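Here the structure comes first, spelled out in structure tokens, and everything after it is commentary.
The values are calculated or read from the model by the stated rules, or taken from the named source; none is laboratory data. Just so it is clear, the model here is predicted, and its values are computed rather than measured. Cβ placement follows ideal geometry from the backbone for every residue including glycine, while neighbour counts extend to all protein chains displayed.
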Amino acid sequence: MATDGRSDGQAVDRGTMTQTFLTRTAAKIRNLWRSKRTDKEMDREITLHVELLEEEYRHHGMSPEEARVAARRTLGGTEQARQMHRDARTILWLDDLIRDIQFGIRMMLRNPALSVVAILTLAIGIGACATAFTWINGILLQPLSGVAEPMHLVTVESLTPNGAMVPNSYPDFRDFRDHLRTVEVAAFLPSAFSVGPEGHGERIWGEMVSGNYFAVLGVQPEVGRLFQPMEVPDAPGKSPVAILSDRYWRSHLAADPSIVGKTIRVNQHELTIVGVASPQFHGAIPAVAFDIWIPYMEQSALNGVPLWMLHDRHDRNMLGVARLKPGVTFEQARQEVKALAERMAVANADVSEGMSATLLPLWKSPHGPQGLLLGPLRILMGVCTLLLLIVCANVANLLLARATMREPEFAARLALGASRLRLSRQVLTETLLLTLCGAGLGLAATPWLSHALQLLLPAGNIRQMVFTDVRPNFAVLAFTACSAVLAALISGLVPALRVGRLNLTARLNAAGQSRHAMRSRVGSAFVACEVALAVVTLVGAGLFLRGFRRTLDINPGFNPDHVLLNQFYLSTNGYSLAQRREFCRRLEERMLGAPGVTDVAYSDGIPLGFEPSWWEELEIEGYARHPNENMNIFRNVVSAGYLPLMRIPIVEGRNFTDQDNENSQQRVMIVNQAFVHRFFPESDPIGKKVHGFGEWFRIVGVAADSKYHYLGEPATPYFYVPFRQIYREDMNLAFYVRTRNNPENILSILRTQTRALDPNVTVFDAAPLREFIGASLYPQKVAASLMSVLSTLALLLAAVGLYSVMAYSVAQRTREIGVRMALGASRAHVMRMVVRQGLAMTSLGLAAGLALALVLARGVASISFTNSAMGSSASLMGDSSTDPLVYMAATVFLYFVAAIAALLPARRASAIEPMRALRAE
Amino acid sequence: MPTPISILQGTLDLMILRTLATLGPKHAYAIATRLEQVSDELLKINQGTLYPALVRLEQNGWIKGIWGKTESNREAKYYTVTKAGLKALEEETQRWRQMAGVMDRLLTEEP
């Protein structure tokens, strides 16, 4: 209906227009599935119409024949009328789409082998991408769940004068909390607890939190309530309460609805449960699940930490998380924090001189798995993208082969009046069906694959604590759907275009050589692409492997082999300081008596572990301190057997002995060579006095330098103090046993001896030291492993692609080869010819791939990963992005594989009997 | 025979509605015949235009098709105009008359 409304009737027209539109659309949608019935009705109507016309013409005097012809002509082509009727009846594109989908499904079922192969390869490609995205989503994009408005949350890091990021102390946190206007700061300390009745303690990870922790994060309680800032004062012992995680509540307490008010036994103390956090909330560290939250001030009761330590500004062990107030930008907040920290550094110059503080987005913080995983995850995403591209190239090749077989069908449809666009759309729809099936398969495997995230992390605490929320969420689904669509576009583009450009006359031409040549050319182009991508992955694997090996070659300065490491948490068993020392001494005695054990030692910190290192401010006799010089030196508190166990030589003076204990008059200290170099360049350090830990120490020995925090670190001053002289409640306990053989064998003995001393103490996560210190190397190792796996897959796919194209080409050239052989070419000659063709195709891809690899390597070489808990970083690839050895090796390997892939068709070609070939058409 | 006039889509709708409103239920052939009659053979209805128009009108809810039997006992689909269709007919007729008036004035105007 003409709808140019006039002003007088416009309002009415609009109303009718809308109503009419709605009625029409509803009718069209209804017609989508009534088509058969309406078709029949249409037929009956038209038949009647034609009959009546015929009658009229006969009435007018025409013969029956003429009448029939005239009737038909008057009415117009019946088929076209039917088609126009249909077009008017439904929503055209939707109808077409349904038809395409039905046809596509029939096609898939008709070629089961091809469909299965395509779907499987697509499942691998898309599944890998979906898994990688799940990790990236859980760790970088939405690191914390169960909190309100996570994009306004940041972490608070204290900065040392030389830029290393360290945790905060409780007094510092109080100053942040009380004086900052643009952010609200909360603090927490991840900690292990022994939860459960006497003798059946279980190791549970939790956080000791400040009073405003839950308020800042915006967590909702599932049962009961959460901590209020008021109820958790800055004084200890006033709030023996706890919040449990949903996970723990369900697994250990059977989701008891009356849990509020009941008590739970933590570190031999009873705490009252006030609530359960919402199921999505798992703590303030990305990708780590905590099960219990306890006020920070309860530390003195639970861990035996003396009160003065909780208020020691120098004792930096709290991680900070803050929320930006509404309307505040990140930069504004950062400036305020920096200014305040600098004022605090001046006000507390005795402990905080030169320190500063900053804010970081959640995923950039070096504390926690995200620091370790950022680099590898980026690499992983790139690797998965490459894999998907290779998969798409392979699928495109398969589709092209099938399209060639279907050319008669397409030609017929074109002749009958189908538009080229319609045919291309159909090919794309079929491709989309394949990719959606593949995506569905891949998505189904994703939860199971996600658990493999643990493999990306080093052994030890971090690996146990990490978890990924593997429930499929909207982001992952959307990502997978987009990947499927993208894959369909990439794979289906060329076959769809080819169909669109199908030349009818050439098709009808009997000797369709040009068609085959074209198909060969396109197929070759695909193979070249696959080869190029395979080269890129080969080069990548080689470069990462070399970088990794180079780092391994750095001498750590101590010998980590054959050493078993176990970390004890005696505070969770209520041990006092003296009891802890006694325990260590007794255990050392027992282990020394075990067979195969050569050394036993224990210490506070672990070298090259992934935990922030401790330092102490020193005053050194005879050394004039420069103004503003940072006199904080890293240290380790060790037993007498530590340096010998680690095979760190004493270059001057002596090692600690059993006489250096709590009863001796003089506190002693061993320093390293870098320490001497800095503070005693001209004089002998032995005998000099050093002040730290509130006492004066005497230097009795100099140890050789070694690596303490990460393998690539520069020479760092370091000192050791004896365990029995300086051991504080807030220190950790790492126990080492060196054996002649495999350290794993000693594990059971360690367990037995520990249980004999105290059944409540568990040997929980003992690991060989070499594995543990690999924390700083894991990203590189992982990158190398990932790339190796990928390059194997890529090579395989490229080889298969090459083989299929060569086989097709040989089949097409059967006549030609027959002619050649009839004219006298030898079998060897034919084989050489085919292999040469294959290698030529490969060379093209190789050249492109090498160039691409060079460009990419330079980009990737700048990716770095955090390799220590202090925020220092190293490059994933080392300095070797243009190592010629790797490129040459990749080239040789590739040619080798390509030659094999081309050999099989070549042999078949050489086996052609000339007479048969010439006879066959 | 003078050259047949080609029909605009909107006007065909109007013609069908008017035919059904004045003559009562008719099947497709009868509508086509009637239109040719009224126009003294100037209008030649092609089924390519007639049937789509009938479908459209039916989808809009302006006519309704019911299967019945002709005098010669053959099955035919009879179309009747609905209330909404009558309303639409009225509006369109008004607009047509306005348009015709304007055209008339324009074409007979003296320069």
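The table that follows gives values for the structure above.
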quantity	calculated
Count - residues of the range A:598-620 that are acidic (Asp, Glu) and surrounded by fewer than 15 Cβ atoms within 10 Å (Cβ to Cβ)	1
So A:Ala322, is it part of a helix (DSSP H, G or I) and in contact with a Leu (Cβ under 9 Å, 6 or more places away or on another chain)	no
Where A:Ile294 falls short, out of the listed (1) surrounded by fewer than 16 Cβ atoms within 10 Å (Cβ to Cβ); (2) part of a strand (DSSP E or B); (3) modelled with pLDDT of 90 or more	(1)
Any chance A:Leu643 is outside any loop (DSSP other than H, G, I, E, B) and either in contact with a helix residue (DSSP H, G or I) (Cβ under 6 Å, 6 or more places away or on another chain) or not basic (Lys, Arg) (or both)	yes
Cross-chain or 6+ apart pairs with Cβ under 7 Å, the range B:80-98 first and under 18 Å from B:Glu58 (Cα atoms), then of a type in the set (Phe, Trp, Tyr)	B:Val81/B:Trp62; B:Thr82/B:Trp62; B:Ala84/B:Trp62; B:Gly85/B:Trp62; B:Ala88/B:Trp62
Lone qualifier among A:Leu497, A:Leu443, A:Leu453 - being surrounded by 17 or more Cβ atoms within 10 Å (Cβ to Cβ), in a helix (DSSP H, G or I) and modelled with pLDDT under 85	A:Leu453
Tally, over the range A:731-746, of residues that are in contact with a strand residue (DSSP E or B) (Cβ under 7 Å, 6 or more places away or on another chain), more than 12 Å from A:Tyr569 (Cβ to Cβ) and either of a type in the set (D, E, K, R) or in a loop (DSSP other than H, G, I, E, B) (or both)	3
Flag for A:Phe680 being more than 26 Å from A:Tyr575 (Cβ to Cβ), of a type outside the set (Val, Ile, Thr) and in contact (Cβ under 8 Å) with a residue 24 or more places away in the chain	yes
Test for A:Ile101: is it surrounded by fewer than 16 Cβ atoms within 10 Å (Cβ to Cβ), modelled with pLDDT of 85 or more and under 29 Å from A:Ala444 (Cα atoms)	yes
Residues located in the range A:338-371, provided they are surrounded by 17 or more Cβ atoms within 10 Å (Cβ to Cβ) and either touching a Cys at 6+ places or on another chain (Cβ under 6 Å) or of a type in the set (Lys, Arg) (or both)	A:Lys364
Residue among B:Thr70, B:Thr33, B:Thr93, B:Thr49 that alone is at negative phi, of a type in the set (S, T, N, Q), surrounded by fewer than 15 Cβ atoms within 10 Å (Cβ to Cβ) and at the interface with another protein chain (Cβ under 9 Å from one of its Cβ atoms)	B:Thr70
Members of the range A:615-637 that are free of Cβ contacts under 8 Å to residues at least 60 places away in the same chain and either among the acidic types (Asp, Glu) or within 15 Å of A:Asn317 (Cβ to Cβ) (or both)	A:Trp615, A:Glu629
Residue within the range A:114-121 that is surrounded by 14 or more Cβ atoms within 10 Å (Cβ to Cβ), within 14 Å of chain B (Cβ to nearest Cβ) and at pLDDT below 80 present	no
Residue under evaluation A:Ala534, criteria (1) part of a loop (DSSP other than H, G, I, E, B); (2) more than 27 Å from A:Ile606 (Cβ to Cβ), criterion not met	(1)
Filtered residues of the range A:156-185 (kept if at pLDDT 85 or above, of a type in the set (A, V, I, L, M, F, W, C) and farther than 17 Å from A:Ile285 by Cα)	A:Leu159, A:Phe173, A:Phe176, A:Leu180, A:Val183
Yes/no for B:Glu90 being under 13 Å from the mean Cα position of the chain (by Cα), of a type outside the set (Lys, Arg) and under 16 Å from B:Arg18 (Cα atoms)	no
Filter result for the condition that a residue is surrounded by 15 or more Cβ atoms within 10 Å (Cβ to Cβ), part of a loop (DSSP other than H, G, I, E, B) and touching a Lys or Arg at 6+ places or on another chain (Cβ under 8 Å), over A:Asp256, A:Asp234	A:Asp234
The range A:136-150, subset in a loop (DSSP other than H, G, I, E, B) and surrounded by 19 or more Cβ atoms within 10 Å (Cβ to Cβ), residue modelled with the highest pLDDT	A:Val147
Residue within the range A:575-597 that is more than 41 Å from the chain's Cα centre (by Cα), crowded, with 21+ Cβ neighbours inside 10 Å and assigned to a loop (DSSP other than H, G, I, E, B) present	no
Test set (1) touching a helix residue (DSSP H, G or I) at 6+ places or on another chain (Cβ under 8 Å); (2) modelled with pLDDT of 60 or more - A:Ala869 fails condition number	(2)
So A:Arg334, is it among the basic types (Lys, Arg) and modelled with pLDDT of 85 or more	yes
Set A:Val702, A:Val721: member being touching a helix residue (DSSP H, G or I) at 6+ places or on another chain (Cβ under 9 Å) and outside any helix (DSSP H, G or I)	A:Val702
Residue identified as at pLDDT below 80 and more than 8 Å from chain B (Cβ to nearest Cβ) among A:Ala11, A:Ala88, A:Ala2, A:Ala67	A:Ala11
Strands (runs of 3 or more DSSP E) contained in the range A:153-230 and holding at least 2 residues surrounded by fewer than 21 Cβ atoms within 10 Å (Cβ to Cβ)	A:183-195, A:202-209, A:221-224
Residue in the range A:296-310 that is within 20 Å of A:Asp730 (Cα to Cα) and of a type in the set (Ser, Thr, Tyr) present	yes
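Conditions tested, residue by residue: (1) on the phi > 0 side of the Ramachandran plot; (2) of a type outside the set (Asp, Glu); (3) touching a residue at least 24 places away in the same chain (Cβ under 8 Å); (4) out of contact with any Lys or Arg (no Cβ under 9 Å at 6 or more places or on another chain).
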residue: A:Ser639; (1), (2), (3), (4): no, yes, yes, no
residue: A:Leu645; (1), (2), (3), (4): no, yes, yes, no
residue: A:Pro685; (1), (2), (3), (4): no, yes, yes, yes
residue: A:Glu713; (1), (2), (3), (4): no, no, yes, no
